[in-house]
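Everything on this sheet refers to the single structure shown next.
Values in this text are rule-based calculations from the coordinates and carry no lab data. Nothing here was measured: the structure is a model prediction, and the numbers come from that model. Here the Cβ positions follow ideal geometry from the backbone for every residue, glycine too, while neighbour counts run over all protein chains shown.
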Amino acid sequence: MIANIPAGTPLARRIHPRLNPVLLALLLALAPLWPISAPAAGAEILVPPDKALIHAKNPAVTVVVRVKGAARQEKLQIRSGDLLFSPQGMWPVEGNWYAHFQVPLKAGSNTFELLPAGKTVTVTFRPLRSLMQINRKERNYYQFHGEKLLPAACAQCHDTEKITRPGKAEEAAQSFCFSCHGSVLGKTPWQHSPAVNFQCLACHKQGDEPLRIAIPAGKVEDTCFRCHINKKSWLDKKHIHGPVGTGDCTICHNPHGDINRGQLWAEGKDSLCVACHTDKRNMVSRDNPAFYVHGILRGIGCTICHDPHAEDHRFMLHKPINDLCVSCHTSLAGVTRGHPVGGHPVAGAKDPRRPERNFTCTSCHNPHDSNFKYLLIGDILGGHICSQCHY
């Protein structure tokens with residue numbers, strides 16, 4: 001008797017254990033005639049290639065598999081770690097079957113095993129926050145559209161001639177992009193207009209060929225400022241935010257769409273800022289170990305004081321320090337002397353602690369947080385704040 005055991009199980013394990021040796025020998029002799037389904041030995045992973053290095057914002061990759069032969073492989077799966085993935089679709093073309101899988105990626109090494117064939121491909125994934133992280137000359141760097149519109153392996157199913165002709169076909173090709181890249185928009189409430197209008201080539205066209213596409217090379221700002229013409233007004237400022245100065249808008253903005261206003265990948269008033277300015281992270285957290293936190297940080301947030309792009313004032317403040325402070329603390333507007341005691345300077349004099357700077361509100365107050373009341377830099381009791389300047 002033959003047990004209902006999956007294909008690929010060794011023959012000896014298929015035989016009922018109670019059969020006598022004579023019958024066992026007979027069954028083994030007849031084994032070649034048994035209609036046992038064989039594994040998909042002719043299956044192969046077309047993309048991504050083995051040992052590929054993948055940079056991407058979206059932690060997922062499309063795995064394309066070809067199975068030689070006309071028989072549809074109903075149990076074709078990809079194993080990644082402890083998870084199994086079924087095809088998103090399978091299509092017969094010229095006597096073979098082609099299957100597409102969408103498989104998530106984790107940072108570091110990822111191994112995909114094609115079942116039941118048992119073939120594997122290992123790729124390395126580096127989560128992409130900024131396009132400046134990409135080194136296209138790095139060994140095994142993999143970009144699906146790196147050489148041409150479609151890899152040669154895809155030509156069996158996709159007619160590259162029809163989607164590469166200029167004119168109306170070019171418009172159709174941009175819609176065609178979303179047959180694979182539909183997830184770049186999803187249901188995000190804030191979407192980049194070229195993406196939502198299927199104008200992929202506005203940013204991704206490369207060179208003179210009608211549909212030669214790629215991730216924009218060089219400084220990303222060169223692409224962004226084709227439409228966002230405020231480049232000159234920012235670069236003429238005295239103080240420029242690092243991402244703007246280095247030319248990579250994608251450090252903060254998702255060029256397709258995201259959940260926050262301005263297509264920011266995190267809340268722009270605070271969470272986004274502390275992703276880089278990690279020393280300020282506790283200040284916007286409810287678990288702040290400091291006794292006193294400037295209320296504005298947990299209210300309107302960092303951008304009420306700081307411009308996220310560029311400004312003429314130090315620290316990219318919207319106004320000079322004292323002018324900025326009294327825009328909320330209005331009772332001190334116009335005061336240059338007499339706070340906190342008569343004759344004490346508020347502006348104009350040199351800061352004894354920081355000789356390179358003039359005296360301002362921040363000479364005595366920390367604008368972010370403090371262990372002392374009124375956000376002072378020292379304790380009032382015992383004159384510890386006064387002794388910072390008056391030795």
Subtracting the Cα-Cα distance of Ala155 and Thr111 from 0.36 nm times their residue separation yields 13.3 nm
So the FRET efficiency between Ser331 and Ile229, C-beta based with R0 = 41 Å and rounded to 0.05, is 0.50
Cβ-Cβ cut-off under 14 Å around Phe101, Lys and Arg +1, Asp and Glu -1: the net charge is +2
Phe85 and Lys237 label points (each 7 Å along its Cα→Cβ direction) are spaced in nm at 4.1 nm
With label points set 7 Å from each Cα along the Cα-to-Cβ direction at His390 and Lys280, the distance between them in nm comes to 3.3 nm
Taking 293-300, 82-89, 274-281 and ranking on average Cβ neighbours within 10 Å, highest first, one gets 293-300, 274-281, 82-89
Out of Trp97, Gln77, Phe112 - ranked by how far each Cα lies towards the positive end of the dipole of region 43-147, with unit charges on the beta-carbon of charged residues - the top one is Phe112
Length gained, Asp323-Lys119, 0.36 nm per residue minus C-alpha separation, equals 66.8 nm
Taking R0 as 30 Å and r as the Cβ-Cβ distance between Tyr292 and Glu356, the FRET efficiency 1/(1 + (r/R0)^6), rounded to the nearest 0.05, comes to 0.65
Between Arg139 and Ala349, Cβ-based FRET efficiency (R0 56 Å, step 0.05) works out to 0.40
Contour minus Cα-Cα span, Asn371 to Asn197, at 0.36 nm per residue, comes to 57.5 nm
Checked region 279-391 against the a/c 1.5 cut and the a/b vs b/c comparison, axes a ≥ b ≥ c from its Cα gyration tensor; verdict oblate
XL table Lys137/Lys231; Lys51/Lys280; Lys75/Lys205; Lys106/Lys237; Cα-Cα > 31 Å flagged, in table order, is Lys51/Lys280; Lys75/Lys205; Lys106/Lys237
Listed with the fewest Cβ neighbours within 10 Å leading, Trp91, Trp190 appear as Trp91, Trp190
Ordering 193-199, 120-126, 305-311 by per-residue average of other C-beta atoms within 10 angstrom, highest first, gives 305-311, 120-126, 193-199
